[in-house]
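Here the structure comes first, spelled out in structure tokens, and everything after it is commentary.
The values are calculated or read from the model by the stated rules, or taken from the named source; none is laboratory data. Quick caveat: nothing in here was measured; it's all calculated off a predicted structure. We place every Cβ from the backbone using ideal geometry, glycine too, and count neighbours over all the protein chains shown. Heavy atoms of the whole protein, side chains included, go into the accessibility calculation; ligands, DNA and RNA do not. Shrake-Rupley method; radii C 1.70, N 1.55, O 1.52, S 1.80 Å.
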Amino acid sequence: MNGFSGSEPAAAQQDVMLEWARDAGIDEVLEEFPIDRFARSRTPRPRAQPARPQPAAPRAEQAPHTASALADARARAGSAGSLAELREALAGFDGCGLKLTATNLVFGSGTPGAAVMLIGEAPGADEDRTGEPFVGASGRLLTRMLASIGLQRDDVYITNILPWRPPGNRQPNTFEREVCLPFLHRHVELVGPRFMVMLGGTAANTLLKRDGSISRMRGRWYDFRGRGSGDPVPALATFHPSYLLRSPERKAEAWKDMLAIRARLDALG
């Protein structure tokens with residue numbers, strides 16, 4: 001006999017393995033038995049099932065709200081028989097979320113019945129604070145632009161496509177423009193201008209139902225057709241004063257547009 005009992009060779013092997021593991025830095029047991037990872041890799045994987053198409057996000061909750069807001073806007077705007085009534089209708093309208101974040105309703109200013117109606121995009125911080133359109137830096141530039149062709153602010157009528165300021169002066173989204181558009185159409189009808197000036201791409205695209213660049217649209221006359229059956233109103237597209245403050249190199253083009261406005265006024269007699 002060799003001096004070892006039947007269990008000693010196995011114990012000696014375990015000691016050798018433990019010593020090797022300790023030298024290798026293995027100091028913790030994670031499993032009771034070793035894992036045959038090769039056997040796992042040989043196990044056939046189940047075939048991936050084709051992904052089932054996910055149902056579209058439900059719009060039923062939004063659609064009635066959107067439709068009801070648009071219907072309410074059209075009803076309120078259509079029932080206004082004067083600018084004062086239109087302003088009151090807008091003040092009571094809750095279908096546009098911008099009303100919740102704005103400080104004041106910015107309706108319009110100037111002379112109803114003026115030959116020229118100028119329409120911008122939306123109120124800024126100064127307009128939101130005062131409740132009057134175009135009173136900030138862009139408003140002061142607009143006043144100078146009008147003066148350059150012999151007009152004062154009382155000679156025209158000024159408003160925006162939106163009566164409430166978007167937070168942070170962001171671009172108004174599609175719904176905000178659409179839900180305020182019936183009020184703007186009625187606004188134009190009640191002011192009754194001989195022609196309109198659309199200040200900036202947002203105003204021009206909203207009123208003309210287009211999606212074009214103001215650089216391409218400016219200087220051209222278009223026919224604006226509201227919801228009524230009356231004659232179209234000639235409308236000129238030009239740069240917004242706030243854009244001219246950021247890009248003064250475009251003022252020469254804006255000056256040509258102002259001369260076109262003067263020529264149109266002179267033609268009216």
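Assuming charge only on the beta carbon of Lys and Arg (+1) and of Asp and Glu (-1), the dipole of region 114-157 about its Cα centre is about 180 debye to the nearest 20. Accessible area per residue (1.4 Å probe, heavy atoms of protein chains only) ranks 246, 216 as 216, 246, with the largest value leading. You can think of it this way: the chain between residue 170 and residue 67 has 34.7 nm of extra reach, that is 0.36 nm per residue less the Cα-Cα gap.
Shown is the FRET efficiency for residue 220 and residue 88, computed with R0 = 25 Å from the Cβ-Cβ distance and rounded to the nearest 0.05: 0.10. When all protein chains stay in place and ligands, DNA and RNA are ignored, the 1.4 Å accessible-area order of 164, 221, largest first, is 221, 164.
With +1 on each Lys and Arg Cβ and -1 on each Asp and Glu Cβ, how big is the dipole of region 178-248 about its Cα centre, in debye rounded to the nearest 20?
Working: 10 positive and 5 negative charges, 36 e Å.
For this selection, approximately 180 debye.
Here the accessible area of region 129-175 is 49 percent carbon and sulfur, with a 1.4 angstrom probe and all protein chains present. A 1.4 Å probe run over region 152-269, with the rest of the protein chains in place, finds 48 Å² accessible per residue. Per-atom-type breakdown for region 193-269 gives carbon and sulfur 46% of the accessible area (1.4 Å probe, protein chains only).
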